[in-house]
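One structure is given here, and the rest of the page talks about it.
The values are calculated or read from the model by the stated rules, or taken from the named source; none is laboratory data. Since this is a predicted model, take the numbers as computed values, not measurements. Because the Cβ atoms are built from the backbone with ideal geometry, glycine has one as well, and the counts that use them run over all protein chains shown.
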Amino acid sequence: VDGNDFIGNEEQIKYVAARDVEWGRKQGNYWSNYSGWDQNGDGVGDIAYEANDIVDRLNWQYPLLKLLMTSPSIQSLRFVARQFPLLRAPSIVDKHPRMRPLFQDWRSWHDK
C-alpha cells in the first residue's frame, strides 16, 4: 500500500497479526498522527511510522481501557514499550512516511 493519505481517522489501522507488514515501499503514505521529523527537508519522515503498538493491542482486548487512554499511566506504557523492543507489537510499518498529504485537495473529501 503506497501513495495514500490517512487523515483524521480515529484509528488509522487495526492490524492483528504475528509479524510486521511493510507499506509505503516506494513513495510512502501520509499519516495524520505521525509524530516524527524530517531533518533533511526531503518531505519524508526520518523514522518509520508504526500503525499500532502494545497499548492498541491491549485496548482491543480490553475495551474498557479506552477510559484511561489519555492518562499518564497509558502514556508511560507507550513510552516504555518504545524503549524496549521486546514489548513491541507487530504492526504495519511505513519506512517512508510523508510529512504532508500527497493530495493537497484532501479537504474536499474529508467527512464523505
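Could you check, for region 23-40, whether at least one of its residues is in contact with a Leu (Cβ under 9 Å, 6 or more places away or on another chain) and polar (S, T, N, Q)?
yes
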**Complete:** If we ask which residues in region 1-20 are surrounded by 13 or more Cβ atoms within 10 Å (Cβ to Cβ) and either out of contact with any helix residue (DSSP H, G or I) (no Cβ under 8 Å at 6 or more places or on another chain) or not aliphatic (A, V, I, L, M) (or both), their number turns out to be 10
**Prompt:** Does at least one position in region 3-13 carry a residue that is assigned to a helix (DSSP H, G or I), of a type in the set (Phe, Trp, Tyr) and either over 15 Å from the mean Cα position of the chain (by Cα) or at pLDDT 90 or above (or both)?
**Reply:** no
**Message:** List the residue pairs whose Cβ atoms are under 9 Å apart, where the first residue sits in region 1-28 and is farther than 26 Å from Gln104 by Cα and without any contact (Cβ under 8 Å) to a residue 60 or more places away in the chain, the second is aromatic (Phe, Trp, Tyr) and not in a loop (DSSP other than H, G, I, E, B), and the two are 6 or more positions apart or on different chains.
**Reply:** Val16/Trp60
**Request:** Could you list, in sequence order, all residues of region 86-112 that are in a helix (DSSP H, G or I) and either closer than 22 Å to Gly24 by Cα or among the basic types (Lys, Arg) (or both)?
**Result:** Trp106, Arg107
**Asked** Is it the case that region 72-80 has a residue that's closer than 25 Å to Gln27 by Cα and not charged (D, E, K, R)?
**Response** no
**Request:** Consider Leu68 carefully, then state whether it is out of contact with any Asp or Glu (no Cβ under 8 Å at 6 or more places or on another chain), among the aliphatic types (A, V, I, L, M) and more than 24 Å from Val21 (Cβ to Cβ).
**Result:** yes
**Count of residues meeting criterion [assigned to a loop (DSSP other than H, G, I, E, B) and aromatic (Phe, Trp, Tyr)] in region 22-73** = 3
